[in-house]
Amino acid sequence: MFWMFVMAFVIIFISFLCGFLTSELIDFKNDNHHFVTPLGFTILIGILQILYYPIQIYNLPTKYIYMVTIGLFLTIIFLSLIKIKRLIIYLKDYFKLYKEIIFGLVMFTVLVSIYYYVKFPTRTDDLYFYIPYIINKANVENLTAVVYGQYDFQGFYDFIAMWIWVYRKLVEIGLAKEILPVAIVSWVISIVLFWILAFIIVETMNYVKERVSRSWISWFVAITIFIYTLGAYWYLQTPYIGNSFRRISIVIIFFIISSMLEKFTWRKFIVLELSFISIIAQTSTGFFFVAFILYALMFYYASKNESGYLNKIVLLSTWPMLFAALYVIHVRILVNPLYGTYALLVLFKLDKKIEKIINKTWKILMIVIPLFFGIWTRLPLFNMPTFNISYFDITPNFFDRHAYEGIENLFLFEFDTIPHIITSIFCVFVWFTIIYYLINHIKKERPKDYLAFHIITILLTFFNPWVITFVMSYMTNVVYFRIYDLFFNILTITLFLTYLLDNLNNKQAILTSIVIFILFAHKVERNQTWMFMGFNDDDYNPLYHTNNLEIEVLDRFKKEFLLDKEETTIIASQIYSVESFTDANIKNVKNNLYTYGDEKSNEAEFQRVFYRYEPGLEKIEGDYINACELAQEKNVEYVILDAQYNMELENGIGYCGDKVLEIGPYRVFEMHYDWLEWSKGN
């Protein structure tokens, strides 16, 4: 654990220095921004992604990832030393905010302490995709980016993989003991997340402090938001994936845009571009986030009767379009004609005329565009796509519970139980605060009210029942409800609540704050993470976030049967995330049914027979002798099953497999298909 913290704090330290340099570059401190580590991490990933693109595109050796990352770290340190006097002044001012620093450290400590006891839910897609994917990046000599593979062009995961390499170097020189890569992936980047999550809350609190008449309001809201984050399972179950970081990066993006609109400089413009690159490097969701933000920003400029803004919007879209062109064939075909056409418009100064038209008609356009979205999907020629998520198809029903998306749901209006009533009141209250904030801000003409304009644009154009089918079909697919992040995030919640409380007298504010705390704290109880805690489990291993028994089974299996094998071994394992908890070269044939469509296919039957207790799967009551034939079709060499739940499957495999290892309830079978071949021949 020691080296995980050391590596994490190296990243945090470099992020702090990067944030300091960025803050100096764009005079961020003048906007009352003091806690720059979240800003620094966001910009750091953005710069790294630019450096990684050539390596990813041309499948260059992985060592170049390490070289450019270390090179950038050294460059940041060197630039910070050049500005050492400014850094010392900054630190003196920084440590004057010791109360805020202590608050941030307390939040960080609480998050790490809880995470220490979190068992990973081993059946989730995120675990058995992301961790093996990252580990594989650390195990190959050359990057193997494939066309149409979006994750291969997201440098966030190459950055995480580098720290596996760093740890292995520590082992080679005798400073560290060998551990499984899952520990580095799950701990190093998670510690970083908890730090920047804690200090983005502090930063947001500090940002609004001067905007409220009573300082206790900003502190109360910050504490409430921290408690509220403990109700979000993604921060505690999957803190190592980019989707968790995007919720912080989106706040940084709004801070930068607000600063740029207050006083435009090209330096701020470049930093904003880097933040766009960064959020896309973290999650593919970042692509449509950026697109929607640019759409709202364009109309905001038009509402101010600005000129020259189309050039800014087009320039800001360049790197996101590059990312899309790398894995979307239609974008690759259209990108050159689109930018070529715009270059001609600029050449003949037609862009200025287009801007004047938009400036005059922006209100009409903001109504007509979403109106068109809705009409298009209601025409006879429109064919509804199939939307798959996990184990079932979904329809674009705006008022669906959509709990499957792992995001906040502000439409859970149910009144059958006390917890549901509290949740319903929470949803009503949140919508009230949003509307109250918007009504009181949209009429103002100051640049800092951009956020209110942005929220209205998102709600009008992309997030309402009329447009959901169009937006899901052509823009977001099943992750539609992640649009919540664009209007309901740490920054906006802080603004909504502080504005409401600040407009009440002291007694009203205190009573309302009690209600707010109850409603927001109630979400903690809804966090599914508490189902996977290892507090009272003597077998729990906090380094790997799983039970020692599973690690022991896989370790024995590797040492006794796979030690001399170079090629990939195909197994069917009911230790579902088996690739995450071993460094053996194996492939588990665990898959999700939704990708196969026909539930009567051999593929679907295989998944039901071998993984019958997977949530959402229909139980099969068939003859488990079929297990042998199904396993042979997939070239399964070994089966690892949990016998306490799978007696019929154990008997079925007995016809074509020899039990070679038994540890606790787990059985390992080595498969042979002689009997099956003989039965087919007779």
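The values are calculated or read from the model by the stated rules, or taken from the named source; none is laboratory data. The shown structure was predicted, so the numbers you read here are calculated from the model rather than taken from an experiment. Using ideal geometry, Cβ is built from the backbone for each residue, glycine included, and neighbour counts are taken over all protein chains shown.
The residues of the range 201-237 include none that are more than 24 Å from LEU504 (Cα to Cα), touching a Ser or Thr at 6+ places or on another chain (Cβ under 6 Å) and not in a helix (DSSP H, G or I).
What's the total number of residues in the range 322-381 that are part of a loop (DSSP other than H, G, I, E, B), surrounded by 12 or more Cβ atoms within 10 Å (Cβ to Cβ) and modelled with pLDDT of 90 or more?
Number of matching residues: 1.
Conditions (1) at pLDDT below 90; (2) touching a Leu at 6+ places or on another chain (Cβ under 9 Å); (3) among the basic types (Lys, Arg); (4) closer than 26 Å to GLU273 by Cα, marked per residue:
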position	(1), (2), (3), (4)
PRO54	no, yes, no, yes
ILE77	no, yes, no, yes
LEU81	no, yes, no, yes
TYR94	no, no, no, no
THR109	no, no, no, no
VAL112	no, no, no, no
TYR115	no, yes, no, no
LEU127	yes, no, no, no
ALA145	yes, yes, no, yes
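Of all residues in the range 602-618, none satisfies being modelled with pLDDT of 90 or more and either under 30 Å from TRP187 (Cα atoms) or not in a strand (DSSP E or B) (or both). Cβ separations smaller than 8 Å between residues 6+ apart or across chains give the following pairs from the range 526-538 residues that are more than 18 Å from ASN409 (Cβ to Cβ) to residues that are assigned to a helix (DSSP H, G or I): PHE532/GLN237.
Looking only at residues in the range 10-33 that are more than 20 Å from LEU79 (Cβ to Cβ) and out of contact with any Ser or Thr (no Cβ under 7 Å at 6 or more places or on another chain), which one is surrounded by the most Cβ atoms within 10 Å (Cβ to Cβ)? Among them, the one singled out is ASN32.
The residue that is nearest to the chain's Cα centre (by Cα), counting only those in the range 266-304 that are at pLDDT below 95 and among the hydroxyl-bearing types (Ser, Thr, Tyr), is THR283.
Looking only at the range 458-475, which residues are over 25 Å from PHE426 (Cβ atoms) and either among the hydroxyl-bearing types (Ser, Thr, Tyr) or part of a helix (DSSP H, G or I) (or both)?
THR461, THR469, PHE470, VAL471, MET472, SER473, TYR474, MET475
The residues of the range 299-311 that are within 23 Å of ARG267 (Cβ to Cβ) and either hydroxyl-bearing (Ser, Thr, Tyr) or crowded, with 20+ Cβ neighbours inside 10 Å (or both), listed by number, are TYR300, TYR301, SER307, TYR309, LEU310. You will find that of ASP449, ASP416, the residue that is assigned to a loop (DSSP other than H, G, I, E, B) and either of a type outside the set (A, V, I, L, M, F, W, C) or not assigned by TED's automatic domain parsing to the domain that holds GLU210 (or both) is ASP416 and no other. Here PHE199 does not fit the description of being within 30 Å of PHE288 (Cβ to Cβ), among the aromatic types (Phe, Trp, Tyr), at pLDDT 95 or above and surrounded by fewer than 23 Cβ atoms within 10 Å (Cβ to Cβ). Got at least one residue in the range 501-512 being in contact (Cβ under 8 Å) with a residue 60 or more places away in the chain and among the hydroxyl-bearing types (Ser, Thr, Tyr)? Within the range 501-512, not a single residue is in contact (Cβ under 8 Å) with a residue 60 or more places away in the chain and among the hydroxyl-bearing types (Ser, Thr, Tyr). Assessment of the range 234-245 against the conditions (in the same structural domain as THR22 (by TED's automatic domain parsing), within 24 Å of ILE26 (Cβ to Cβ) and touching a residue at least 60 places away in the same chain (Cβ under 8 Å)) yields at least one matching residue. Against the list (1) within 17 Å of TYR499 (Cα to Cα); (2) assigned to a helix (DSSP H, G or I), the condition HIS454 fails is (1). PRO447 meets all of the listed conditions (1) at pLDDT below 90; (2) over 30 Å from ILE514 (Cβ atoms); (3) in contact with a Leu (Cβ under 9 Å, 6 or more places away or on another chain); (4) surrounded by 18 or more Cβ atoms within 10 Å (Cβ to Cβ) but one, namely (4). Those helices (runs of 4 or more DSSP H) of the range 490-580 in which at least 3 residues are exposed (fewer than 15 other Cβ atoms within 10 Å of the Cβ) and modelled with pLDDT under 95, considering only elements entirely within it, cover 506-525.
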